[in-house]
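Below is one structure, written out as structure tokens; comments come after it.
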Amino acid sequence: MQENISLLPYNTFGIFANAKYFTLFSSTEDLKNILQSTEVKTNGLCILGGGSNILLTKDVDKVVLKNELKGIEIISQNNEVALVKCAAGEVWHSFVLWCIENNLYGVENLSLIPGTVGAAPMQNIGAYGVEIKDVFFELEAMQIDSLQMKTFNQAQCEFGYRESFFKRKGKDQYIITSVTFQLNKKANLNASYGAIQEVLTAKQIENPTAKDISNAVIEIRQSKLPDPKEIGNAGSFFKNPEIATKHFLVLKKVYPSMPGYTLTEYLTKVPAGWLIEQCGWKGFRKDDLGVHARQALVLVNYKQALGAEIYNLSTQILESVKNKFDIVLEREVNIW
Ligand code: EPU
């Protein structure tokens with residue numbers, strides 16, 4: 001248990017903030033001991049995965065626990081599918097590459113998403129037509145109060161768009177220790193997303209392999225999203241809002257270029273990046289604080305912006321989108 005530790009190396013936004021206490025765990029036994037410590041009992045705790053979906057707005061006066069559980073194994077398989085159990089502290093993209101190397105299919109579209117495997121189900125990570133729920137089998141988590149291990153199946157995780165049980169009813173009650181995925185042994189690739197098709201066509205690839213799809217996704221992400229090693233960020237800052245189709249149709253008359261994806265007869269999903277861009281924020285910069293020039297959904301820290309300043313900018317963006325479109329955006333990033 002270390003005291004007064006800088007969290008700068010542990011958050012991709014590159015925010016300067018300290019943790020009152022900080023400790024790593026690399027086994028469930030370690031974890032149990034930490035959870036019973038006086039420091040945790042007195043101060044409470046926060047769990048850190050890859051630190052790629054948090055905004056630190058102040059020093060953390062709790063115990064910050066960094067998950068370092070490692071290991072990937074095939075626990076069962078038949079001719080069609082394999083169940084792969086992955087420890088929660090593994091880096092997500094390393095897991096994706098491991099699957100591709102082992103000819104196991106289903107996560108290639110989720111290449112290069114920052115963060116850890118344990119954090120992935122928390123917000124049901126998704127990109128380019130695939131969500132983790134599509135390949136999810138079950139997960140194991142330790143209940144903080146009872147120190148008991150519990151297994152959650154797909155239904156118990158209550159996955160939604162960037163949502164799960166662990167962000168809502170189960171918030172702060174469990175620590176995910178492993179996730180088991182059901183992966184295909186026969187390639188059933190999803191190249192339907194427009195941007196993927198464009199990259200494949202440009203490269204004249206007609207029959208893509210999983211590696212081709214992964215490389216295309218990596219290329220798209222690198223062209224749109226800032227690399228946190230160079231510019232601090234936490235990916236999409238807001239969720240894409242789902243609005244009443246009636247409301248969408250009214251707006252569409254005023255803004256004919258407004259994109260929207262029909263979800264149901266009554267609900268339409270609108271890209272928040274478009275709304276934010278229309279409000280004039282794309283490429284905005286004030287000192288070290290800004291909105292990415294190539295993707296308006298991503299707020300950035302050029303060097304020394306404060307978490308509270310980024311939070312205030314996100315409030316200004318929320319207000320301008322509300323005023324112009326009467327749409328209330330929801331933050332996707334966890335605010336600490
Ligand atoms: N758009 C704009 N201006 C912008 C950004 C986007 O007009 O500055 C519009 C365009 O119409 C574009 C559409 O938004 O066609 C969609 O943009 P993009 O394909 O970049 O996807 P997104 O909806 O902005 C979502 C996820 C990303 C994920 C991509 C690809 C959310 C909150 N974000 O972004 O996930 O990589 O789709 O599937 O759903 C993340 O969660 O951190 C993340 C990066």
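If P121 passes every condition in (1) open to solvent by 30 Å² or more (accessible area, probe 1.4 Å); (2) at pLDDT 95 or above; (3) assigned to a loop (DSSP other than H, G, I, E, B) but one, which one does it miss?
Checking P121 against (1) open to solvent by 30 Å² or more (accessible area, probe 1.4 Å); (2) at pLDDT 95 or above; (3) assigned to a loop (DSSP other than H, G, I, E, B), the one that fails is (1).
When you go through F159, F152 one by one, which is the residue that is in contact (Cβ under 8 Å) with a residue 24 or more places away in the chain and touching a Pro at 6+ places or on another chain (Cβ under 9 Å)?
Selected residue: F159, the only one of F159, F152 that is in contact (Cβ under 8 Å) with a residue 24 or more places away in the chain and touching a Pro at 6+ places or on another chain (Cβ under 9 Å).
Out of the range 213-247, which residues are more than 10 Å from the ligand (Cβ to nearest atom) and open to solvent by less than 20 Å² (accessible area, probe 1.4 Å)?
I213, S214, A216, P226, G232, I243
Would you mention how many residues in the range 261-278 are surrounded by fewer than 19 Cβ atoms within 10 Å (Cβ to Cβ) and farther than 30 Å from G307 by Cβ?
Number of matching residues: 7.
List, please: which pairs have Cβ atoms under 7 Å, are six or more places apart or on different chains, and start with a residue in the range 208-223 that is touching a residue at least 60 places away in the same chain (Cβ under 8 Å) and among the charged types (D, E, K, R) and end with one that is part of a helix (DSSP H, G or I) and open to solvent by less than 70 Å² (accessible area, probe 1.4 Å)?
K211/I100
Checking D134 against (1) within 16 Å of the ligand (Cβ to nearest atom); (2) open to solvent by less than 10 Å² (accessible area, probe 1.4 Å); (3) within 26 Å of P271 (Cα to Cα), which single condition isn't satisfied?
With respect to (1) within 16 Å of the ligand (Cβ to nearest atom); (2) open to solvent by less than 10 Å² (accessible area, probe 1.4 Å); (3) within 26 Å of P271 (Cα to Cα), D134 is out only on (2).
If you scan the range 147-167, which residues turn out to be of a type in the set (G, A, S) and open to solvent by less than 50 Å² (accessible area, probe 1.4 Å)?
Listed by number, the residues that qualify are G160, S164.
What number of residues in the range 279-302 are within 15 Å of the ligand (Cβ to nearest atom) and open to solvent by less than 70 Å² (accessible area, probe 1.4 Å)?
15
Tell me, which strands (runs of 3 or more DSSP E) lie completely within the range 1-118 with 3 or more residues that are within 24 Å of V217 (Cβ to Cβ)?
Answer list for the range 1-118: 81-87.
The values are calculated or read from the model by the stated rules, or taken from the named source; none is laboratory data. Please read these numbers as outputs of a predicted model, since none were measured by experiment. Reconstructed Cβ throughout: ideal geometry from the backbone, glycine too, with neighbour counts over all protein chains shown. In case anyone asks, the SASA skips ligands and DNA or RNA and just uses the protein heavy atoms, side chains included. Shrake-Rupley method; radii C 1.70, N 1.55, O 1.52, S 1.80 Å.
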